[in-house]
Amino acid sequence: MNLPLHTDPLWHPLVDGFPPAWASGWGQDRFGVFIEFTLQGVQQRLRWIPPGRFLMGSPADEPGRYPNEGPQREVTLSQGFWLFDTPCTQSLWQVVMGENPSQFQSNNRPVEQVSFVEVQEFLSRINQVCPGLDLTLPSEAQWEYACRAGTTAALYSGAITILGERNAPALDTIAWYGGNSGVEPAELPNGQDSSGWPEKQYPHERAATHPVAMKDPNPWGLYDMLGNVWEWCADDWHDSYEGAPVDGRVWEGDGPSGQRVLRGGSWDFLARYVRAACRNHWSLALRLDNLGFRCARVQS
């Protein structure tokens, strides 16, 4: 379980100084501390993720588990960080990059069809536009720690029961996945044909991504950490956690693997992939309509 390193519940990263010049808003609500920036009218909120310890990976008896989710180990993040409260939207991507590569185009949906290489260019450009913002991709450990938000079950809302490949009722309130991503056909005029998908939670004919922040957030106010789009992490891919760092830093490979970690599952994937511990990996140049990202900022 999470063991916060800061024992004062009133402590947060804005206590000891003024908000940075790039901030357009900040505050505190029932989820914790947040800060915002605005680019050409597009606002993005970041949530404060406090330092702490957690058990990373999944136990052997978790439904849907893959062997690469172990061995479980305790990871200590001694430094807090900020994290986008949603996946990067198409509107923010377009403001920074000047184009929209997404298959399912809508300003409030996650940007998709973006490769790891293209995300690095996005980060370089936005950090030039907003000096001091210093956005990065999260490490895999940071991602799972933030996703769990102090919880220890398969989902940040509790346990998962998988009744069929695309049928896990516990996912319905928190995630868009293969079982429910076609439940609003009027919103999906260009969706993928899903009529032949077996074992869906709900019957649907076409499916796609959905606007961000439509499902319930986790306890730290983060939306769509599970489902909607897979999210790039900064780490090189490894087949297990054998030899993995225990301090939350990015785990680099011994050589150029050409693969980076993905987390969270997506709108078209099976229920077993949409769990806090599930891991995936793709090549740096791959662009798919279920692949996006969210940004982190380490607090100095």
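The values are calculated or read from the model by the stated rules, or taken from the named source; none is laboratory data. Predicted, not measured: the structure shown is a model, and the values here were computed from it. Cβ atoms come from the backbone with ideal geometry, glycine included; neighbour counts cover every protein chain shown.
Being within 11 Å of Trp176 (Cα to Cα) and of a type outside the set (Lys, Arg) is the filter; apply it to the stretch 202-215 and report the residue that is farthest from the chain's Cα centre (by Cα).
Taking the stretch 202-215 first, the residues within 11 Å of Trp176 (Cα to Cα) are 207-215.
Right, trim to of a type outside the set (Lys, Arg) and you get 207-214.
Working: Ala207: 20, Ala208: 17, Thr209: 14, His210: 15, Pro211: 14, Val212: 11, Ala213: 12, Met214: 15 Å.
Ranking the qualifying residues of the stretch 202-215, first place goes to Ala207.
Residues in the stretch 191-221 that are without any contact (Cβ under 8 Å) to a residue 60 or more places away in the chain and outside any loop (DSSP other than H, G, I, E, B) were compared, and the one that is surrounded by the fewest Cβ atoms within 10 Å (Cβ to Cβ) is Asp193. Against the test of being surrounded by fewer than 17 Cβ atoms within 10 Å (Cβ to Cβ) and modelled with pLDDT of 95 or more, the options Thr38, Thr86 yield a single qualifying residue, Thr38.
Figure legend. Inter-residue proximity from the stretch 155-168: first residues of a type in the set (Gly, Ala, Ser) and assigned to a loop (DSSP other than H, G, I, E, B), second residues at pLDDT 95 or above and surrounded by 13 or more Cβ atoms within 10 Å (Cβ to Cβ), beta-carbon distance below 6 Å, spacing 6+ or different chains. Indicated pairs: Ser157/Ile174; Ala159/Ala153; Ala168/Ile160; Ala168/Ile162; Ala168/Ala271.
Return yes or no: is Tyr223 closer than 26 Å to Thr89 by Cα and touching a helix residue (DSSP H, G or I) at 6+ places or on another chain (Cβ under 6 Å)? Answer is no for this residue. Among the residues of the stretch 160-179, is any at pLDDT 95 or above, in contact with a Ser or Thr (Cβ under 7 Å, 6 or more places away or on another chain) and farther than 13 Å from Ala271 by Cα? Yes, some residue in the stretch 160-179 is at pLDDT 95 or above, in contact with a Ser or Thr (Cβ under 7 Å, 6 or more places away or on another chain) and farther than 13 Å from Ala271 by Cα. The number of residues in the stretch 75-88 being over 16 Å from Glu231 (Cα atoms) and either assigned to a helix (DSSP H, G or I) or of a type in the set (Ser, Thr, Tyr) (or both) comes to 2. Of the strands (runs of 3 or more DSSP E) lying entirely inside the stretch 228-300, those containing at least 1 residues that are under 25 Å from Asp193 (Cβ atoms) span 230-236, 259-263, 279-283.
Within the stretch 89-110, the set of residues being assigned to a loop (DSSP other than H, G, I, E, B), surrounded by 15 or more Cβ atoms within 10 Å (Cβ to Cβ) and small (Gly, Ala, Ser) comprises Ser102, Ser106.
Taken together, the residues in the stretch 41-60 that are assigned to a loop (DSSP other than H, G, I, E, B), in contact with a strand residue (DSSP E or B) (Cβ under 9 Å, 6 or more places away or on another chain) and modelled with pLDDT of 95 or more amount to 1.
Every residue, every condition in (1) surrounded by fewer than 16 Cβ atoms within 10 Å (Cβ to Cβ); (2) in contact with a strand residue (DSSP E or B) (Cβ under 8 Å, 6 or more places away or on another chain); (3) over 30 Å from Gly182 (Cβ atoms), yes or no:
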position	(1), (2), (3)
Trp232	no, yes, no
Trp237	no, yes, yes
Tyr241	no, yes, yes
Val246	yes, yes, yes
Glu252	yes, yes, yes
Gly258	yes, yes, yes
Arg263	no, yes, no
Ala271	no, yes, no
Ala277	no, yes, no
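Exactly one residue among Gln28, Gln113 is of a type outside the set (Lys, Arg) and crowded, with 16+ Cβ neighbours inside 10 Å, and that residue is Gln113. Say whether the condition of being in a loop (DSSP other than H, G, I, E, B), modelled with pLDDT under 95 and buried (at least 16 other Cβ atoms within 10 Å of the Cβ) is met by at least one residue in the stretch 61-74. The answer is no, given that none of the residues of the stretch 61-74 is in a loop (DSSP other than H, G, I, E, B), modelled with pLDDT under 95 and buried (at least 16 other Cβ atoms within 10 Å of the Cβ).
With respect to the conditions (1) buried (at least 24 other Cβ atoms within 10 Å of the Cβ); (2) within 22 Å of Pro67 (Cβ to Cβ); (3) of a type outside the set (Lys, Arg), Asp224 lacks only one, and its number is (2). All of Trp237, Trp267, Trp232 fail the test of being in contact (Cβ under 8 Å) with a residue 24 or more places away in the chain, hydrophobic (A, V, I, L, M, F, W, C) and closer than 14 Å to Leu137 by Cα, apart from Trp232.
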